[in-house]
Amino acid sequence: MTNYLGVKTFFIMLAVDILIVLVTFFLFSKLIPGDKRHRIWEKYISSFSRFVIYLFLVTVIINVITALIVYSLRYQKYLNYIAPAVQSVLIGFIASCVPRRGVEEKKP
């Protein structure tokens, strides 16, 4: 017999992570004005090489802080569930900063 509990948990966590990405995407889109998000995009994300370096550094920092908090609270066995959920917030923020209008498109 195979263990289907791990597969079930995987799909539950997949759905939770997708939900977190969507919620944070819409939350950051509403909270941060469009011109400010565009400036963030131009400053940090428009250059792919800088984007990869910044993303790596921020991801490492977030993972270290998450691990320290989880270990201090003695929830080590949940680290593999908590860390991707925290990273999903970062993904939602980055996705919200992507420009949605073209350069020549006028504001409504």
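Laboratory data are not the source of any read-out in this text; all were calculated from the coordinates shown. The structure displayed is predicted, hence computed values, not measured ones. Glycine also receives a Cβ, built like all others from the backbone with ideal geometry; neighbour counts cover every protein chain displayed.
So for segment 5-97, Kirkwood radius off the Cα pairs, Stokes-Einstein at 10 °C and 1.306 mPa s: how many µm² s⁻¹? My calculation gives 109 µm²/s for D. Computed from the C-beta positions of I32 and Y81 and an R0 of 30 Å, the FRET efficiency is 0.60 to the nearest 0.05.
In this label model, I62 and S46 are separated by 2.3 nm, measuring between points 7 Å along each Cα→Cβ vector. Counting only Cβ charges, +1 for Lys and Arg and -1 for Asp and Glu, the dipole size of the chain around its Cα centre is about 220 debye.
Our coupling estimate for segment 68-74, obtained by passing each phi through the Karplus curve with A = 6.51, B = -1.76, C = 1.60 and θ = phi - 60°, is 4, 5, 5, 5, 5, 8, 6 Hz, Gly and Pro reported as x.
Peptides 44-50, 79-85, ordered by how many other C-beta atoms sit within 10 Å of their residues on average, highest first, read 79-85, 44-50. Relative contact order, whole percent, for segment 5-97 stands at 53, derived from Cα pairs under 8 Å and 6 or more residues apart.
Rounded to whole numbers, the Karplus 3J(HN,Hα) couplings from phi for segment 36-42 are 5, 4, 5, 5, 4, 4, 5 Hz, using 6.51 cos²θ - 1.76 cosθ + 1.60 with θ = phi - 60°, and x at Gly and Pro. The HN-Hα couplings worked out from phi for segment 12-27 by the Karplus form 6.51 cos²θ - 1.76 cosθ + 1.60 (θ = phi - 60°) are 5, 5, 4, 5, 5, 5, 5, 4, 5, 4, 5, 5, 5, 4, 5, 5 Hz, whole numbers, x standing for Gly and Pro.
Annotation: peptides 89-98, 16-25, 52-61, ranked by per-residue average of other Cβ atoms within 10 Å with the highest first, follow the order 89-98, 16-25, 52-61.
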